[in-house]
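Working notes, structure below.
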Amino acid sequence: MARLIYSVIASLDGYVADGDGRFDWAEPDAEVHAFVNDLERPVGTYLYGRRMYETMVFWESPPDLAEQPSFVRDFAKIWQSADKIVYSNTLQAVTSAKTRIERDFDADAVRQMKGAADRDLTVGGPDLAAQAIEAGLVDEYRLFLVPVVVGGGKRSLPDNSVRVNLELLDERRFRNGTVYLHYRIRN
């Protein structure tokens, strides 16, 4: 069975975007980006909400890709090769290959996807991740904590009564101060 992984880059105080909706402070440097690439390489399917898809679709055809550093070219190739499912009631069409729209998040359908997949799935975006967490679908958490406190904005984890017990699998500190924490569900 494939795993469903929630991977997120967040501020130290737990936000993916600040109060103005900005997340430029979260852009990974070359070292972090290369590490993320290695984590993303085995993923077969990305599950996105509309806003996360609209952010990530940049990677379908980044401008001047040939002139970009190798870690950027590598991530574009990884992203383009994966299947993508966008959960949205408002998005009318997708602009990337290997992508389809689902109007509703169906936990049972995702459970079946996990059971049938031979490659892991990731859930991107805190709103969709919250639904997956609440449904008990997320198997692992990969958190990248950036050394900045933004004081408010869009939370990276659900702000509700769901409790999830976790086991730390891995940790890493990067030269830029970013810290990676990898957890799995403790049963």
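Test Gly49 against the stated conditions and say whether it is surrounded by 15 or more Cβ atoms within 10 Å (Cβ to Cβ), in contact with a helix residue (DSSP H, G or I) (Cβ under 6 Å, 6 or more places away or on another chain) and either among the hydrophobic types (A, V, I, L, M, F, W, C) or on the phi < 0 side of the Ramachandran plot (or both).
The answer is yes for Gly49.
Please verify whether the range 157-167 includes one or more residues that are of a type in the set (Asp, Glu) and either surrounded by 13 or more Cβ atoms within 10 Å (Cβ to Cβ) or in a loop (DSSP other than H, G, I, E, B) (or both).
yes
What single numbered condition from (1) in contact with an Asp or Glu (Cβ under 9 Å, 6 or more places away or on another chain); (2) open to solvent by 40 Å² or more (accessible area, probe 1.4 Å); (3) of a type in the set (Asp, Glu) fails to hold for Asp127?
Failed condition: (1).
Among the listed residues Val36, Val86, which satisfies the condition of being in contact with a Pro (Cβ under 8 Å, 6 or more places away or on another chain) and surrounded by 17 or more Cβ atoms within 10 Å (Cβ to Cβ)?
Val36
Just to confirm my filter: which helices (runs of 4 or more DSSP H) fall fully inside the range 1-113 and include at least 3 residues that are among the acidic types (Asp, Glu) and at pLDDT 95 or above?
So the answer is 30-40.
The values are calculated or read from the model by the stated rules, or taken from the named source; none is laboratory data. Remember, predicted model here, so these are calculated numbers, not experimental data. Here the Cβ is made from the backbone with ideal geometry for all residues, glycine too, and neighbour counts use every protein chain on show. Each accessible area value is taken on the protein alone, full model and side chains, heavy atoms only, with ligands, DNA and RNA left out. Shrake-Rupley method; radii C 1.70, N 1.55, O 1.52, S 1.80 Å.
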